[in-house]
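Only one structure is covered here, and it is reproduced in the block below.
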Amino acid sequence: MEGSHRPRGPTALEKLADWSLEPNAAYRAKLPIEQAKLLVLDSIGCAFAAIGTHGVDGVVDVCMESGGAPEATVIGQKTRTSAANAVLANGALV
């Protein structure tokens, strides 16, 4: 496309990738990694605890019925749905 303009220098995503691959990254210390593991496990536990609750069932049902490419899993569901629907449903569960 004529006249398209690509910004000079790295994009924000490229900067983030460069930062995360630095050999000197402080976030690779043991304590932040252990905290991240705990938070992920806590989120999964919250999602499982929310399965079947009235406030979340409607969101999960709509996401599962909306269809789309079977790209991703919703926690507690046997069938897959689109990535966007899974993000919404899993976020509601958490």
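Scanning the stretch 69-78 for residues that are among the acidic types (Asp, Glu), modelled with pLDDT of 90 or more and open to solvent by 80 Å² or more (accessible area, probe 1.4 Å) turns up at least one hit. Selection of the stretch 36-67 for residues being within 30 Å of Ala17 (Cα to Cα) and either loosely packed, with under 11 Cβ neighbours inside 10 Å or touching a strand residue (DSSP E or B) at 6+ places or on another chain (Cβ under 6 Å) (or both) yields Lys37, Leu38, Leu39, Val40, Leu41. In a loop (DSSP other than H, G, I, E, B), at pLDDT below 90 and open to solvent by 70 Å² or more (accessible area, probe 1.4 Å), is that true of Glu14? Judged against the criteria, Glu14 is not a match. Among the residues of the stretch 13-59, those that are farther than 20 Å from Val94 by Cα and among the hydroxyl-bearing types (Ser, Thr, Tyr) comprise Ser20, Tyr27.
Residue pairs whose Cβ atoms lie under 7 Å apart, sitting 6 or more positions apart in sequence or on different chains, and linking a residue in the stretch 59-70 that is touching a residue at least 12 places away in the same chain (Cβ under 8 Å) and on the phi > 0 side of the Ramachandran plot to a partner that is surrounded by 12 or more Cβ atoms within 10 Å (Cβ to Cβ) and assigned to a helix (DSSP H, G or I), are Gly68/Asn85.
The values are calculated or read from the model by the stated rules, or taken from the named source; none is laboratory data. Everything quoted here is computed from the prediction, not taken from an experiment. Heads up, the Cβs are rebuilt from the backbone with ideal geometry, glycines too, and the neighbour counts pull from every protein chain shown. With ligands, DNA and RNA removed, areas are computed over all heavy atoms of the protein, side chains included. Shrake-Rupley method; radii C 1.70, N 1.55, O 1.52, S 1.80 Å.
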